[in-house]
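*Asks:* One structure is given below, represented as structure tokens, and several questions about it will come after.
Any read-out appearing in this document is the output of simple, stated calculations on the displayed coordinates, not a laboratory observation. The model shown is predicted, which means the values in this text are computed figures rather than measured ones. All Cβ positions, even for glycine, are placed from backbone atoms using ideal geometry, and neighbour counts span all protein chains on display.
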Amino acid sequence: MREHSLYESALALAGVSLIAVVGALSVATYDWAIVTGVAILSVDMPILVGFARWIPQSLDEGSTWYDWVAMHLFLASVPLVVIGISFLLVHVHIVCGVLFITSSIISFPLYKRRLDKGPRES
């Protein structure tokens with residue numbers, strides 16, 4: 001198994017966001033959940049695509065204000081996708097949105113623990 005790349009993850013999340021937005025825009029009725037979810041994902045997709053090509057440097061005492069902004073946008077981009085898609089799923093049914101955000105929150109520490117262990121020996 002090859003090593004995971006943060007670039008590929010950001011690009012994959014941007015792709016999922018685009019599919020979710022296109023699916024939401026094809027719905028005939030618009031309520032607060034769809035509008036909120038589409039708005040969040042519309043802001044987050046360009047950020048994710050940008051970070052698929054560039055990951056900001058760690059902050060230090062010589063960092064400028066735009067380094068600070070880039071790092072915080074980088075940290076907020078993945079949770080924003082989860083929240084945006086949850087709002088779209090809430091439109092289908094409240095249980096769908098709640099289950100999606102719950103499973104996303106549970107899967108994050110499991111995925112992080114696997115990354116911390118390092119690649120498996122084949």
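*Asks:* By average Cβ neighbour count within 10 Å, what is the ranking of 43-51, 68-76 from highest down?
*Replies:* Averaged packing, sorted descending, gives the order 43-51, 68-76.
*Asks:* As I understand it, the dipole of region 6-117 uses +1 on the Cβ of Lys and Arg and -1 on the Cβ of Asp and Glu, about the Cα centre. Which of LEU59, PHE108, VAL49 lies farthest toward its positive end?
*Replies:* Going by the Cα projections, it comes out as PHE108.
*Asks:* Using every pair of alpha-carbon atoms in region 6-117, split the distances into 5 Å bins beginning at 0 and state the percent of pairs per bin, rounded to integers.
*Replies:* For region 6-117, the binned pair fractions read 2, 12, 19, 20, 19, 14, 8, 4, 2, 0, 0 percent.
*Asks:* Counting other C-beta atoms within 10 Å, which of THR64, THR36 has the fewest, and how do the rest follow?
*Replies:* THR64, THR36
*Asks:* What number comes out for the charge environment of PHE108, summing +1 per Lys or Arg and -1 per Asp or Glu over other residues with Cβ under 13 Å away?
*Replies:* Here the count lands on +2.
*Asks:* To continue, here is another question. Relative contact order for region 6-117 using alpha-carbon pairs under 8 Å, separation at least 6, rounded to a whole percent?
*Replies:* Taking the mean separation of contacting Cα pairs over the length of region 6-117, I get 30 percent.
*Asks:* Now a separate question. Relative to the longest principal Cα axis of the chain, at what angle does helix 32-53 sit, 0 to 90 degrees, rounded to 10?
*Replies:* In the chain, helix 32-53 runs at an angle near 20 degrees to the longest axis.
*Asks:* In what sequence do TYR66, TYR111 fall when counting other Cβ within 10 Å, fewest first?
*Replies:* By the 10 Å Cβ count, ascending, the order reads TYR66, TYR111.
*Asks:* Most exposed first by the Cβ proxy, i.e. fewest other Cβ within 10 Å, how do ARG53, ARG114 rank?
*Replies:* Listed from fewest to most nearby Cβ atoms, that is ARG53, ARG114.
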